[in-house]
Every structure is written in C-alpha cells, then in structure tokens.
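These notes concern the structure reproduced below.
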Amino acid sequence: RKEVEQDPGPFNVPEGATVAFNCTYSNSASQSFFWYRQDCRKEPKLLMSVYSSGNEDGRFTAQLNRASQYISLLIRDSKLSDSATYLCVVTGNYGQNFVFGPGTRLSVLP
Amino acid sequence: DGGITQSPKYLFRKEGQNVTLSCEQNLNHDAMYWYRQDPGQGLRLIYYSQIVNDFQKGDIAEGYSVSREKKESFPLTVTSAQKNPTAFYLCASSTHTLNTEAFFGQGTRLTVV
C-alpha cells in the first residue's frame, strides 16, 4: 500500500462548481498535513496546511480525520485559475520528511 | 528576498556522464531534500539532510549522491549508475518545527541525450 493515496482524477468541472479531493495516508504517526498545488512544469507550492480542527481559506476548506487517516480539500466556486494538480502531503517516517501523494489533476472548464 | 534557488533550469547530459545539480537556500532552514518527478507522477524522495554534514537515503537513492558541507547548500550528483536519469528534479527545504511546510526551488529538468 502506498503511503499517501489520492483520487486518481482527472477532474473536469465547469466554472462555479464545487469539487472535493480525497486523500488517505498509511502512517498513523504522521504529524503534519498539507495540500500543495502544482502547475504544469512548475514546482509545488503550498496551498494550505491542514489542522485537526479543519481550516478554511477563502474558497478552500481542508479537513483532517486522524482516526480514519483521511484528508480532504473542498474548492467552492471553481475558477479557471484553479486548474492544476493538487498534491496531498504528510510528514513521513524520517521525522519531518514530506511524503507526497501522486496528485489529482483538476481542469476547470469555461 | 529569501528563497531556494536551483540551477540550471535545464540540463542536458550525455549517457555515461556524471552531472551535478545545484540547490542553495537563504531561509536558514536546517532540513533540505531532493525529489524526483517523472511525467504524470508524484514526487519521490532521493536524499534528505536534517543537519549540516549529515544526510540520509530516501526511497530512490541508487545512482545519486549528495553532500551537505554548508547549511545553505545541498548539491545532487546524478551519476552514470542512474539508469534512467531523465526527470524533473526538485529541491526543497524546511525547518524542524511541526506544521511548517517545505519550500521548493523552481526545479531542474534533466534530459539524457
């Protein structure tokens, strides 16, 4: 089983739609959780950290369920500029090492 | 401005040659990482270093080597032993503080010709 798994995608949605991404992780000792965004042929950039209490940043909401080892990202009112690959990231077995999921590609269509 | 710089952006290598990718950060981060990304794939850890003069193998270290002689620098050498080196290489750094993210350089795209 891979350490971090995500919805395979791609997701093709119209502008204004709400889209949800799911992620599961296998290491119950993981301590920190993040969603990154990666544009084509670019480096990943932090979208948001994920906290146990859940957190929201504008149109983006992240949730963490430690008992189920599950992380989610919700994007409301999708924009064309949201088109990218979304990477789920958790700290792994090497202390603060970052383990990346394979990513889920999102295309927002006009 | 603080940040992490990788060079070169594009690199072409002949088969059988070693090549070194540069990664420099001025964020005063203790930890640095090298990842490899193949088309349509996620990031895989090559090597990481939690402190100067110490580094550990990641999941795919074979055919690669690193050094960490200075806090700011973590160069990666792709040796001729790496059978399929064509990929996008990403360097990252972070602090040891919980819940702090990794910052990435812009990446080096290596092509073997």
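Tabulated data
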read-out: Top-ranked residue in segment B:21-63 [being small (Gly, Ala, Ser), more than 11 Å from the chain's Cα centre (by Cα) and surrounded by fewer than 16 Cβ atoms within 10 Å (Cβ to Cβ); ranked as farthest from B:GLY105 (Cα to Cα)]; value: B:GLY63
read-out: Failed item, numbered, when A:ARG41 is tested on (1) touching a Leu at 6+ places or on another chain (Cβ under 8 Å); (2) under 21 Å from B:PHE104 (Cβ atoms); (3) outside any strand (DSSP E or B); value: (1)
read-out: Yes/no for B:GLN25 being closer than 24 Å to A:TRP35 by Cβ and away from every other protein chain (no Cβ under 11 Å); value: yes
read-out: Single residue of A:ALA84, A:ALA62 found to be small (Gly, Ala, Ser), over 10 Å from the mean Cα position of the chain (by Cα) and surrounded by 20 or more Cβ atoms within 10 Å (Cβ to Cβ); value: A:ALA84
read-out: Failed criterion for B:GLU72 (all others in (1) away from chain A (no Cβ under 14 Å); (2) closer than 24 Å to B:GLU15 by Cα; (3) of a type in the set (D, E, K, R) hold); value: (2)
read-out: Tally of residues being of a type in the set (Phe, Trp, Tyr) and within 15 Å of the chain's Cα centre (by Cα) across segment B:1-20; value: 1
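No lab work stands behind these numbers, since they all come straight from the coordinates. Quick caveat, the model's predicted, so the values are computed rather than measured. Quick reminder, even Gly has a Cβ in these numbers, built from the backbone with ideal geometry, and neighbours come from all protein chains shown.
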